[in-house]
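The values are calculated or read from the model by the stated rules, or taken from the named source; none is laboratory data. These figures come from a predicted structure and were not determined experimentally. Positions of Cβ are backbone-derived with ideal geometry, glycine not excepted, and every protein chain shown enters the neighbour counts. Heavy atoms of the whole protein, side chains included, go into the accessibility calculation; ligands, DNA and RNA do not. Shrake-Rupley method; radii C 1.70, N 1.55, O 1.52, S 1.80 Å.
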Amino acid sequence: MKNIMLIGGGVGNAVLFSIGKACLENNNKVLYFAGYKKLSDVFKRALIERASNAVVWACEEGLIETSRDQDKSFHGNIVDAIVSYQQGRLGINLNTIDKIITIGSDKMMKAVNEARKTILKPYLKSSHIAISSVNSPMQCMMKEICAQCVQQHINTETGERSFVYSCSNQDQDMEFIDFDFLSERLKQNSLQEKLTAKWIDHVQRY
């Protein structure tokens, strides 16, 4: 049995609750941090609760009402929620965590990784495993063809750089992910995404 900490940001939670369910089915304990920008962003609450032993709901807009005694609510971002959790304000210790799985925006995952190496480092096991699900830009929709999804890794000990096809290996070791590289790659589709959003808004209006 292992103690798993799931950290989901926004729509990343749509994937994480299925992972949490699988972890429970394999006799693991699941601590779930679910983070949102707005209260209206919260969805599938029952599925998240069923996929965890305890949930910490974090929202930057306000407190999310809890429905179970073991669950907690935090007003603020998800990294601050994890820090408060460890400091005892929310009730449980992190030094039993064996594995961290994070899915969300590149900025959120980078913040979690930095906290893991700094403010949270004294409280986490040195042997814990940390995984991020990398949502790189996609184009060809085939395995390892166009390289649009390539993600850079940097070995923290040697400085050696390597590259991973995210389309065939989305869940990557957080220790090596170059999050600045990921951020720059995601920006390359920014114009197309804005135009698409404008077109959808236009269609819905008229």
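In the stretch 117-146, the residues that are among the acidic types (Asp, Glu) reach residues that are part of a loop (DSSP other than H, G, I, E, B) with C-beta atoms within less than 7 angstrom, at least six apart or across chains, in these pairs: 144/167; 144/168.
Take residue 93 and decide whether it is touching a residue at least 12 places away in the same chain (Cβ under 8 Å), of a type in the set (S, T, N, Q) and in a helix (DSSP H, G or I). Taking the combined requirement at face value, the residue does not satisfy it. Looking only at residues of the stretch 113-124 that are open to solvent by less than 70 Å² (accessible area, probe 1.4 Å) and out of contact with any helix residue (DSSP H, G or I) (no Cβ under 6 Å at 6 or more places or on another chain), we find that the one that is farthest from residue 93 (Cα to Cα) is 113. Number of residues in the stretch 2-39 that are at positive phi and among the hydrophobic types (A, V, I, L, M, F, W, C) equals 0.
Table: residues versus (1) more than 23 Å from residue 105 (Cβ to Cβ); (2) touching a helix residue (DSSP H, G or I) at 6+ places or on another chain (Cβ under 9 Å).
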position	(1), (2)
135	no, yes
142	yes, no
155	yes, no
171	no, no
180	no, yes
193	no, no
197	no, no
206	yes, no
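Among (1) aromatic (Phe, Trp, Tyr); (2) over 26 Å from residue 41 (Cα atoms); (3) touching a residue at least 60 places away in the same chain (Cβ under 8 Å), where does residue 179 come up short? Here residue 179 clears every test but (2). Residues in the stretch 14-49 that are open to solvent by 30 Å² or more (accessible area, probe 1.4 Å) and in a strand (DSSP E or B): 29 only. If you go through the stretch 67-81 one residue at a time, do you hit one that is within 18 Å of the chain's Cα centre (by Cα), under 24 Å from residue 121 (Cα atoms) and open to solvent by less than 10 Å² (accessible area, probe 1.4 Å)? Yes, the conditions are met somewhere in the stretch 67-81. Here the strands (runs of 3 or more DSSP E) wholly within the stretch 126-206 that include at least 2 residues being open to solvent by less than 40 Å² (accessible area, probe 1.4 Å) are 129-133, 150-154. Condition check for residue 52 on (1) small (Gly, Ala, Ser); (2) surrounded by fewer than 23 Cβ atoms within 10 Å (Cβ to Cβ); (3) part of a loop (DSSP other than H, G, I, E, B): one failure, at (2). Filter the stretch 1-13 for residues that are out of contact with any helix residue (DSSP H, G or I) (no Cβ under 9 Å at 6 or more places or on another chain) and surrounded by 14 or more Cβ atoms within 10 Å (Cβ to Cβ) and give the result. Hit for the stretch 1-13 is 3, nothing else. For the stretch 148-177, a tally of residues being within 13 Å of residue 131 (Cα to Cα) and either charged (D, E, K, R) or over 19 Å from the mean Cα position of the chain (by Cα) (or both) returns 3.
Just the residues that are among the aliphatic types (A, V, I, L, M) and within 21 Å of residue 76 (Cα to Cα), please, taken from the stretch 1-30. If the condition is that a residue be among the aliphatic types (A, V, I, L, M) and within 21 Å of residue 76 (Cα to Cα), then 5, 6, 7, 11, 14, 16 are the ones that fit. In this structure, residue 202 does not satisfy being free of Cβ contacts under 8 Å to residues at least 40 places away in the same chain and within 30 Å of residue 2 (Cα to Cα).
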